[in-house]
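The values are calculated or read from the model by the stated rules, or taken from the named source; none is laboratory data. Small disclaimer: the values here were computed from a predicted structure and weren't measured. Cβ: placed from backbone, ideal geometry, glycine included. Neighbour counts: every protein chain shown. The protein model used for the area step is the full one, side chains on, heavy atoms only, and it has no ligands, DNA or RNA in it. Shrake-Rupley method; radii C 1.70, N 1.55, O 1.52, S 1.80 Å.
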Amino acid sequence: MIRIDEKKGIFALYTKHTCMILKACDGFVGLAYYGEKIRFAETDYLCRTDVRPFTPDKLPGEGVSFHSAFPHVYPFYGCGNYRESAFRVEQADGSDTCCFKYIGCSTSKEKPKIPNLPQSFTRNCNTETLILYLHDAQAGVLAEIMYTLFQDSDVIAQDVKIQNQGQKPVMLRRAFSSCLHLEGDLELITLNGTWARERHVQREPVRYGVQSIGSLNGASSHTHNPFLAVVRPETTETSGEAWGMAFVYSGNFIACAEKDYQEKTQILMGIHPDTFCWELESGKSFYTPEVLLNYSPRGLGRFSRNYHDFIRNHIIRSKWQYQERPVLVNSWEAAYFDFDTDKLLHLADTALACGLDMLVLDDGWFGHRDDDTTSLGDWFVNEEKIPEGMEWLGEEIQRRNLKFGLWFEPEMISQDSELFRKHPEWAVQIPGRDMTLSRNQCVLDMTRPEVRNYLFRSMADIIHEADISYVKWDMNRQITEAYTPTLPPHRQKEFFHRYILGVYELQEQLLKTFPDLLLENCAGGGGRFDCGMLYYSPQIWCSDNTDACDRAEIQLGTSLCYPPSCMGAHISVCPNHTVGRNTDFMTRAHVALAGTFGYEMDLMRLTAKQVKQIQEQLKLYHQYSHLTREGRFYRLMQNKYWIAWQFVSTEHTETLVTVIQIRNQANQVRKHLKLQGLIPEGIYLFDGKRYTGGQLMKIGLPIAPMWGDGVSRLLHITMELSD
Ligand code: GLA
């Protein structure tokens, strides 16, 4: 619900449990409050600062102290705000000062579309959008700050439309998407890492000055995820305040927290300004990507569930979101580049015998690719390995009652490829400069329509010909020597944003052409795990690290923002190919069950015991995957010995608890694992015994000791239903 009191200059945005109060003061709009839902009466003091309140009529000349302290909803640069700004525009005379004045507002029941970008949508849900109009007459720039509320959620979607209403072009040097202002002691939580070690949680006090994370490599990156949470020092999983920003964007980004001299903290998120500048011609508009704002007064658990529900209901469009996904075997860790038709069909036969649903042919099926030095861009069958062709292979696989999935790395080109020999200019490069290789490959210039057309045609042909049900879209290197000859010199900094717009356009086109396609995004593991990608694919490969103990930690970190149902998770062999660790075969399954579930191993080498265990694992998947897909997720415990989580059905009548003993401890104390999300008075059945929900949540469930490292238990608990 949006309430506007024009006279008092108050805009109150109410979600189910939160409210955000914006206030117009002296021609500027500030964020007065964002937190738990409250009623309020007196409003005059809101957004005033205790240092030199700016009252132009009474205290002329205090503009600087005003702007440096006022909680601007969209902080601009140039007239006294020396904190990080959200907006900076260079005008025809070379100046870059802007002073956005509030000139009006409107509301809309239709969520305004953000052209060419992924964005939250309003499936089966009423929404309301508040649009604030901020204007700078000298620059001729109008900013429309939009906040969309969703009836079924506490998440608020924010984006900004910038319009050049002047006669001359202007250069947008910075156009962030969102800014929040908070007071009091805070801690910043970010998800950081590297390849095979993605999204580990870091929690640090917010200190004076700027703390920021971001990406400059063209993708949202393994290093930092485009998400942050800000919490109180006392906030835990189940109590305390938590605010968040999640970026619906997959390119270069920045997210920062800045504590100022008044001990107030502003939080900003947007496209990274170091690699961005946009020429906005007269009459044209620029749309920022969307940020998902979130607030929970009851800890990080509820905070995450707010995001999970929102992402599942309003970001992931795919029909697969609500469907049981086919259980696949992926050829990568099974065979790497070393396969031929016989081996593939043998793998397919074994997959079928084990009860799997799909064979995914990963890297190495195209051009003459036998290792990672060649053929990216040549999206036609490798006849050395599959002489019968893709159509034939597709038919053979389907004849076995299996679906067929295929790996592509569309954005890449190998120098040793037919495509490169024909179109060397399609590789991203700066004329006269060496191209820096990574994994022996170069990046295609996705800003060029002819590149996208080529990719669409070659991918669509194969998908059509071989009746492909699933595509794994990979992206295995970072971008260097960013440049495109299609833009003039002063517009080169548009490259990175145009690149990701190109990626989005191609994914959109493929999904429009093949609406049933199950798309899984991937970037050298989880290097592009973000809400932008989830708009196109219902799942993203979480990490190349498939070791169950490491994966449990990666998946738990990822769950801070993203629902488990979108995390690509497979069972692989031991010793694990990334870390060499041995974990129990069932533990690997228990971890994969908290994601999309599948296999990534040579099934032909399974022992008889493992084949039996696969039957058992598949039974678990079919029995419980609805809980991963639709249930609510609770992080129960994480320390160096144990990790435990829980899924609870939407009606609270069924729960699945996973307990992993990462490392055994001698002479363990007896453990009671406190569950969450149950009905206190409900009677729950487990192991032939009856427990009340209250007792399971307050006293906990006894967990019998486990022997060894990397072992686990899966506990299924149901509510006793009265007749
Ligand atoms: C990336 C992916 C892997 C696999 C390889 C193939 O590393 O994350 O899953 O597809 O590429 O080259």
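Across region 502-513, the number of residues qualifying as farther than 22 Å from Gln441 by Cβ and open to solvent by less than 40 Å² (accessible area, probe 1.4 Å) comes to 1. Looking at Glu396, Glu409, Glu388 in this structure, which one is out of contact with any Ser or Thr (no Cβ under 7 Å at 6 or more places or on another chain) and either open to solvent by 50 Å² or more (accessible area, probe 1.4 Å) or within 12 Å of the ligand (Cβ to nearest atom) (or both)? Selected residue: Glu409, the only one of Glu396, Glu409, Glu388 that is out of contact with any Ser or Thr (no Cβ under 7 Å at 6 or more places or on another chain) and either open to solvent by 50 Å² or more (accessible area, probe 1.4 Å) or within 12 Å of the ligand (Cβ to nearest atom) (or both).
Evaluated against (1) more than 31 Å from the chain's Cα centre (by Cα); (2) modelled with pLDDT under 95, Ile38 falls short on exactly one condition, (1). Among the numbered conditions (1) in contact (Cβ under 8 Å) with a residue 40 or more places away in the chain; (2) open to solvent by 10 Å² or more (accessible area, probe 1.4 Å); (3) not aliphatic (A, V, I, L, M), the only one that Ser177 does not meet is (2). Given the conditions (1) under 24 Å from His497 (Cβ atoms); (2) part of a strand (DSSP E or B); (3) over 30 Å from the mean Cα position of the chain (by Cα), which single one is not true for Gly94? Failed condition: (2).
Applying a threshold of 7 Å to beta carbon distances and a minimum spacing of six or more residues, or different chains, the list of pairs starting in region 330-358 at a residue that is in contact (Cβ under 8 Å) with a residue 12 or more places away in the chain and ending at one that is assigned to a helix (DSSP H, G or I) and surrounded by fewer than 20 Cβ atoms within 10 Å (Cβ to Cβ) reads Ala335/Lys343; Leu345/Glu396; His346/Met604; Leu347/Met604; Thr350/Met604; Cys354/Val611; Gly355/Gln615; Gly355/Leu618. Against the numbered list (1) surrounded by fewer than 14 Cβ atoms within 10 Å (Cβ to Cβ); (2) part of a loop (DSSP other than H, G, I, E, B), Glu481 comes up short only at (1).
Can you name the residue in region 521-531 that is part of a strand (DSSP E or B) and near the ligand (Cβ under 10 Å from one of its atoms) and, of all such residues, is nearest to Ser565 (Cα to Cα)? In this case the residue turns out to be Gly526. Taking the criterion of being more than 27 Å from His570 (Cα to Cα), part of a loop (DSSP other than H, G, I, E, B) and open to solvent by less than 70 Å² (accessible area, probe 1.4 Å), would at least one residue in region 459-472 satisfy it? Checked region 459-472: no residue is more than 27 Å from His570 (Cα to Cα), part of a loop (DSSP other than H, G, I, E, B) and open to solvent by less than 70 Å² (accessible area, probe 1.4 Å). For region 199-236, the set of residues classified as over 12 Å from Gly527 (Cβ atoms) and of a type in the set (A, V, I, L, M) consists of Val201, Val206, Val210, Ile213, Leu216, Leu228, Ala229, Val230, Val231, listed by residue number.
Run down Gln613, Gln676, Gln665, Gln617 and say which single residue is open to solvent by 10 Å² or more (accessible area, probe 1.4 Å) and in a helix (DSSP H, G or I). First the steps, then the outcome.
Details: Gln676 fails: in a helix (DSSP H, G or I); Gln665 fails: in a helix (DSSP H, G or I); Gln617 fails: open to solvent by 10 Å² or more (accessible area, probe 1.4 Å).
The conditions single out Gln613.
Reported count of residues in region 363-385, each being aliphatic (A, V, I, L, M) and either within 13 Å of the ligand (Cβ to nearest atom) or modelled with pLDDT under 95 (or both), is 1.
On the given criteria, is Ser215 crowded, with 19+ Cβ neighbours inside 10 Å and touching a residue at least 60 places away in the same chain (Cβ under 8 Å)? Spelling it out, it is not the case that Ser215 is crowded, with 19+ Cβ neighbours inside 10 Å and touching a residue at least 60 places away in the same chain (Cβ under 8 Å).
For region 118-134, residues that are buried (at least 20 other Cβ atoms within 10 Å of the Cβ) and not in a strand (DSSP E or B) total 3. The combined condition, being assigned to a helix (DSSP H, G or I), under 21 Å from Ile397 (Cβ atoms) and either open to solvent by 50 Å² or more (accessible area, probe 1.4 Å) or charged (D, E, K, R) (or both), is not fulfilled by His490.
Scanning region 319-351 for residues that are at pLDDT 95 or above, within 28 Å of the chain's Cα centre (by Cα) and of a type in the set (Ser, Thr, Tyr) returns Ser331, Tyr336.
Residue count for region 532-541 under the criterion of being within 14 Å of the ligand (Cβ to nearest atom), in contact with a helix residue (DSSP H, G or I) (Cβ under 6 Å, 6 or more places away or on another chain) and touching a residue at least 60 places away in the same chain (Cβ under 8 Å): the result is 1. Would you pick out the residues in region 635-659 that are within 22 Å of Tyr691 (Cβ to Cβ), open to solvent by less than 20 Å² (accessible area, probe 1.4 Å) and part of a strand (DSSP E or B)? Within region 635-659, Trp642, Ala644, Trp645, Gln646, Phe647, Val648, Thr655, Leu656, Val657, Thr658, Val659 meet the criteria.
Every condition in (1) assigned to a strand (DSSP E or B); (2) modelled with pLDDT under 95 holds for Ile103 except the one numbered (2). Taking the conditions (1) open to solvent by 10 Å² or more (accessible area, probe 1.4 Å); (2) touching a residue at least 40 places away in the same chain (Cβ under 8 Å) in turn, Leu361 satisfies each one other than (1).
Do we have any residue at all in region 310-331 that's in a helix (DSSP H, G or I) and within 13 Å of the ligand (Cβ to nearest atom)?
Within region 310-331, none of the residues are in a helix (DSSP H, G or I) and within 13 Å of the ligand (Cβ to nearest atom).
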